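Notes to accompany the following structure.
The values are calculated or read from the model by the stated rules, or taken from the named source; none is laboratory data. Every value quoted in this text rests on a predicted model; they were computed, and no experiment measured them. Glycine gets a Cβ as well: all are built from the backbone with ideal geometry, and neighbour counts include every protein chain shown. To get the accessible areas, we keep the full protein, side chains included, count just its heavy atoms, and leave off ligands, DNA and RNA. Shrake-Rupley method; radii C 1.70, N 1.55, O 1.52, S 1.80 Å.
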Amino acid sequence: MPLLQVRNITKVFGALIALRDVSFEVNRSEILGLIGPNGAGKSTLFNVISGFHHPDKGKILFKDTQITGLRVDRIAGMGIGRIFQEPTLFMQETVFENVFSGLHRHYREPAWKAFLHTRAANREEAASKKKAAEILEFMDLAAMRDELAANLPHGHQRSLAIAIALACEPELLLLDEPVTGMNPSETAVMSDKIRQIRERGITVLIVEHDMRAVMSLCDRIIVLNLGEKLVEGTPDRIKNDQRVIEAYLGKQVI
Amino acid sequence: MAKNMSPGLFIQLIVNALTIGSIYILMVLGLDIILRGTKILNFAHGQLYALGAYIMFLFFQTLKLDFTLSLILSGVALALVGALSYLGVFAILNRRFTVSSTFSYRLLLSAMASVGLMMILQQGTLLCFGTQELGILSPFPQILEVGDTRISLSRLVIIFLSVAICIILYLMMYRTSFGKLLRAVSYDPEAVTLQGVNTFWIFVACFALGSGLAGLAGGIIAPLFSITPSMGQNIIFITFLVLLVGGIGSYRGTIAGGLLIGLLLSFGFQFLGSAAELIVFMLVIVILIFRPGGLLGEAAE
Amino acid sequence: MKLPNSLKTDRVTRYKWIAIIIVLIALIVLPLCIESNYIKHLLIMACIGAILGMTFSLLFSSGLITLGAAAFYAVGAYSSTVLVMNAGLSFWAALPLTLVFTAILALGFGAVFVRNAGVAFVIITLIFAQVVVLAAAQADFLGGWGGIMGIPRPNPVGTVNFAAKTDYYYLILAMLLLVVLIYNALYSSRIGRAWRAIKLSPKLAGTLGINEYRYRLLAFVIGSTTAALAGCFYAHYSQNITPGAFGGWLSIYVQLYAVLGGLEFYILGPAIGAVVMTFVPEYLRIVKEWEPIITGVILLVVILFFPGGILGTLKNPPALSLNKFHSLYNRLVTGKKRDSNS
């Protein structure tokens, strides 16, 4: 059973058709790439999947359950995590506090017990602190744990955003442009990280512009253009597909 | 509500509703322009209205200038006050904010700063003009007789002036490039900065325009109602109420809201007396249960 | 209070506890050292102000700016009065009933109010505060504009019969400490962390599974109930209440306590702000005419130049004044605001 099923999604903003009848599936443990020229609708698709926008037509199934039209936090609670294109962090908190906040949804003890600071609740908190530290280690951010998020360089902010998303323990992770603007060595490091994330059992859906990263990282690629799905397939197939090349070249002329 | 109301009374109440409704509309438009452009909720807005009335008194009654001229001067004077208040207070405040300042932080501090401004303006007006009620001899004292009803010309003039100002405002906001800039800034200030435009002066313009509207509203109403030191306090409540009902960010909602509140208050005071305000407030809360963003505003999710 | 810093050393924590104990002892011993009833009155009012200010900060900690503290303060005062005077209950029985009643009221209204974002919420709570005042004024059984007089003192507990101001002081102090304990427990739990997440970035908080609406509603209900607690006390302390005492200005002053003390300090800030705003005006007996102007100017000065409030400025002293003059000059000469903000 595919982890995520996107069926006939259409999203319109006034006169602009952002997504038109888009359908595809995401299988467990795969790294799926979503590419397309600017304005193709990639970010809109992410917003629809994670619940920030509700589609006008179509439905989305996550683990065979309908998630179309659910609230953002409901969808997140079901196991879908995401990062945003712009650095979206708790700027006034430290790196550690940022990731610690991400662990919110996995507490077993109810909130009122947390308020009373019962022994069980306190134990859970301590365990969470350990988990947060471990995630920081994984994303190579441990050295900066007491830095304010606002003071981090851009690349580390990106890593922090991913770390926060990982803290939710998602089954599906939506990465919006994780390596855009990075130099080749940074890109290689991040790509490696993404592979490690997959090895932890997390399915990854990536929107990216960096072609090389996408080609080397993704098992499959879906190409969007002007809101419609153009083609999907393995990197090799996509690389040489005439329609894809035209779509990109056509856009350059702007 | 009395069902056996004479048509004369009915028309009078309608005219009254339109009169106060149009003043509320002007006030809310001014407040909305400032809010949408600069994201500042200006509590001093009501005081600017009062100041407009006092300055109208100064020009028209004391200096005996022509009515239209006095009105225009009142509007300009208040536009100046508004611009100065931005330059002197809010521009400095903006410096305190960083990229990571949260929306609620900015909102709170700028609102509190406007409260401080309001206190200063209120007391300043009191000290300058004294505490007694002032009155302006209306240049339109005539009463029209239409069948059974008697409508004062002043009210019609107020309605007419308000409509005229609204039309001019509409033309300015939608037909001139200046207006387009103002609207763009409320939508996406960053994009405007990227285009090379200095948003700083646009914010000043927002304040000038919004405050000018408040001043005009005060100047227009001055010949009809008495000018009191507390008129600023009183109007700011209703202004906020209309803003809320109509929906923040919708001009059409503002007009609808202003007219609705005008009608409710006009008929309410006639039949319910002093309980009218309370009933209207509660009605608004009920409306908000069903339309969280106001009648026509951006829905809150 | 700030969230516990993961790097706090034991020595700092020990100093903190010592400071807390010293302050507690001082607070408890204080009324015994003071003769003047008037000062005791100010102390009591400062405590009430501190509680109200903390309710504001509670909502602010989740990103809500409320002008409705006065509303529930009034609800508490009137409810308790009615329960004691009309229903014949003892103060101590009326108190929990009032709190329950207010909580239900806050839940009902809050469910509507919290749906409205930022600016709308400010306005709607302001309107609500007016509604409460007007309703109290219109209702005859609540005494109309004249209010209710002769509200009885709290029923005696042991030897304490509330004839002396000191008795009241210990009661409000106990209430204040209770509020501090509860709020601190909230802030240091994951509830407080969720609030902070919502305040800093509602978007990000949503993707972490935090239900913004529910947490904000929780803050609203807790804050409103706390305000009612203070209201209960106030009714039986001043022994008469009028609708005018709960007007719009009160909510603004409550905000002021929090801003003056320091917005980032959810517990200490309002406490310090309330103390300053209660005592300082008494000692600066300025000509009545100038008072609003002075208050307005002080407000502006604090916000423009010390937005961190008293505690914030102590924590992060501002850069040298040279900076200020430089930017002033910059603006005058080039007419351009030095960018980097909004």
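Quick one: in region B:119-152, of everything that is of a type in the set (A, V, I, L, M, F, W, C) and within 11 Å of chain C (Cβ to nearest Cβ), which residue is surrounded by the most Cβ atoms within 10 Å (Cβ to Cβ)?
To start, the set of residues in region B:119-152 that are of a type in the set (A, V, I, L, M, F, W, C) comprises B:119-121, B:126-129, B:134, B:136-137, B:140, B:143-144, B:146, B:151.
Going one step further and asking which of them are within 11 Å of chain C (Cβ to nearest Cβ), we end up with B:119-121, B:126-127.
On the way: B:Met119: 25, B:Ile120: 22, B:Leu121: 23, B:Leu126: 16, B:Leu127: 12.
Result: B:Met119.
Quick grid of which residues meet (1) out of contact with any Gly (no Cβ under 6 Å at 6 or more places or on another chain); (2) free of Cβ contacts under 8 Å to residues at least 12 places away in the same chain; (3) part of a helix (DSSP H, G or I); (4) crowded, with 24+ Cβ neighbours inside 10 Å:
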residue: B:Ile11; (1), (2), (3), (4): yes, no, yes, no
residue: B:Ala17; (1), (2), (3), (4): no, no, yes, no
residue: B:Asp32; (1), (2), (3), (4): yes, no, yes, yes
residue: B:Ile55; (1), (2), (3), (4): yes, no, yes, yes
residue: B:Leu58; (1), (2), (3), (4): yes, yes, yes, no
residue: B:Gln61; (1), (2), (3), (4): yes, no, yes, no
residue: B:Gly82; (1), (2), (3), (4): yes, no, yes, yes
residue: B:Ile92; (1), (2), (3), (4): yes, yes, yes, no
> under 25 Å from C:Ile104 (Cα atoms) and in a helix (DSSP H, G or I) - does that describe any residue in region C:264-282?
Replying inline: no
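From C:Val131, C:Val122, C:Val114, which residue is over 17 Å from C:Gly231 (Cβ atoms), at the interface with chain B (Cβ under 9 Å from one of its Cβ atoms) and among the β-branched types (Val, Ile, Thr)? Working first, answer last.
Details: C:Val131 fails: over 17 Å from C:Gly231 (Cβ atoms); C:Val114 fails: at the interface with chain B (Cβ under 9 Å from one of its Cβ atoms).
Residue meeting the stated conditions: C:Val122.
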> Out of (1) more than 30 Å from A:Met211 (Cβ to Cβ); (2) touching a residue at least 40 places away in the same chain (Cβ under 8 Å); (3) within 14 Å of chain B (Cβ to nearest Cβ), the odd one out for A:Arg71 is which?
Replying inline: (2)
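If only one of B:Ile202, B:Ile255, B:Ile248, B:Ile235 is within 29 Å of B:Ser70 (Cα to Cα), at pLDDT below 90 and not assigned by TED's automatic domain parsing to the domain that holds B:Val76, which one is it? Talk me through it step by step, then tell me what you get.
Numbers: B:Ile202 fails: not assigned by TED's automatic domain parsing to the domain that holds B:Val76; B:Ile248 fails: within 29 Å of B:Ser70 (Cα to Cα); B:Ile235 fails: at pLDDT below 90.
Result: B:Ile255 is the single residue among B:Ile202, B:Ile255, B:Ile248, B:Ile235 that is within 29 Å of B:Ser70 (Cα to Cα), at pLDDT below 90 and not assigned by TED's automatic domain parsing to the domain that holds B:Val76.
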> Would a scan of region A:197-214 turn up a residue that is away from every other protein chain (no Cβ under 14 Å) and within 17 Å of A:Leu141 (Cα to Cα)?
Replying inline: yes
> Which pairs do you get when a residue that is more than 7 Å from every other protein chain (Cβ to nearest Cβ) and within 17 Å of B:Arg106 (Cα to Cα), found in region C:190-208, comes within reach of a residue that is buried (at least 24 other Cβ atoms within 10 Å of the Cβ) and among the β-branched types (Val, Ile, Thr), reach meaning Cβ atoms under 8 angstrom, with the pair 6+ apart or on two chains?
Replying inline: C:Ile198/C:Ile210
> Under 7 Å by Cβ, and 6 or more places apart or on different chains, what pairs join a residue from region A:90-112 that is more than 14 Å from chain B (Cβ to nearest Cβ) with one that is open to solvent by less than 20 Å² (accessible area, probe 1.4 Å) and of a type in the set (S, T, N, Q)?
Replying inline: A:Phe100/A:Ser128; A:Leu103/A:Ser128
> Quick one: would you say C:Pro292 is modelled with pLDDT under 85 and away from chain B (no Cβ under 12 Å)?
Replying inline: no
> How many residues are within 26 Å of A:Ile202 (Cβ to Cβ) and either open to solvent by 60 Å² or more (accessible area, probe 1.4 Å) or among the hydroxyl-bearing types (Ser, Thr, Tyr) (or both) when one looks only at region A:88-125?
Replying inline: 6
> Among the residues of region A:126-141, which ones are in contact with a Ser or Thr (Cβ under 9 Å, 6 or more places away or on another chain) and open to solvent by 60 Å² or more (accessible area, probe 1.4 Å)?
Replying inline: A:Lys129, A:Asp140
> Which of the residues that make up region B:224-235 are touching a Leu at 6+ places or on another chain (Cβ under 9 Å) and either within 12 Å of chain C (Cβ to nearest Cβ) or buried (at least 24 other Cβ atoms within 10 Å of the Cβ) (or both)?
Replying inline: B:Pro229, B:Gly232
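Going by the structure shown, is B:Leu65 among the aliphatic types (A, V, I, L, M) and crowded, with 24+ Cβ neighbours inside 10 Å?
Numbers: among the aliphatic types (A, V, I, L, M): yes; crowded, with 24+ Cβ neighbours inside 10 Å: no.
Judged against the criteria, B:Leu65 is not a match.
Looking at region B:148-176, which of its residues are assigned to a helix (DSSP H, G or I), at pLDDT below 85 and of a type outside the set (Gly, Ala, Ser)? Don't jump to the end; show me each part of the working.
Just the residues of region B:148-176 that are assigned to a helix (DSSP H, G or I), to begin with: B:153-175.
Cutting the leftovers down to at pLDDT below 85 gives us B:153-154.
Hit for region B:148-176 is B:Leu153, nothing else.
Look through C:Gly63, C:Gly53 and report the one residue that is over 23 Å from C:Gly247 (Cβ atoms), surrounded by 15 or more Cβ atoms within 10 Å (Cβ to Cβ) and within 14 Å of another protein chain (Cβ to nearest Cβ). Give the steps one after another, and end with the answer.
Details: C:Gly53 fails: over 23 Å from C:Gly247 (Cβ atoms).
Answer to the selection: C:Gly63.
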> Looking at (1) open to solvent by 20 Å² or more (accessible area, probe 1.4 Å); (2) of a type outside the set (A, V, I, L, M, F, W, C); (3) more than 26 Å from C:Gly118 (Cβ to Cβ), can you tell me which one B:Gly268 breaks?
Replying inline: (1)
>> Can you say whether B:Met112 is away from every other protein chain (no Cβ under 11 Å) and buried (at least 21 other Cβ atoms within 10 Å of the Cβ), as far as the supplied structure shows?
In response: no
> Out of all the residues in region B:188-198, is one or more surrounded by fewer than 18 Cβ atoms within 10 Å (Cβ to Cβ), assigned to a helix (DSSP H, G or I) and touching a strand residue (DSSP E or B) at 6+ places or on another chain (Cβ under 7 Å)?
Replying inline: no
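Check whether at least one residue in region B:75-82 is within 9 Å of another protein chain (Cβ to nearest Cβ), closer than 23 Å to B:Ser230 by Cα and under 19 Å from the mean Cα position of the chain (by Cα), and report yes or no.
no
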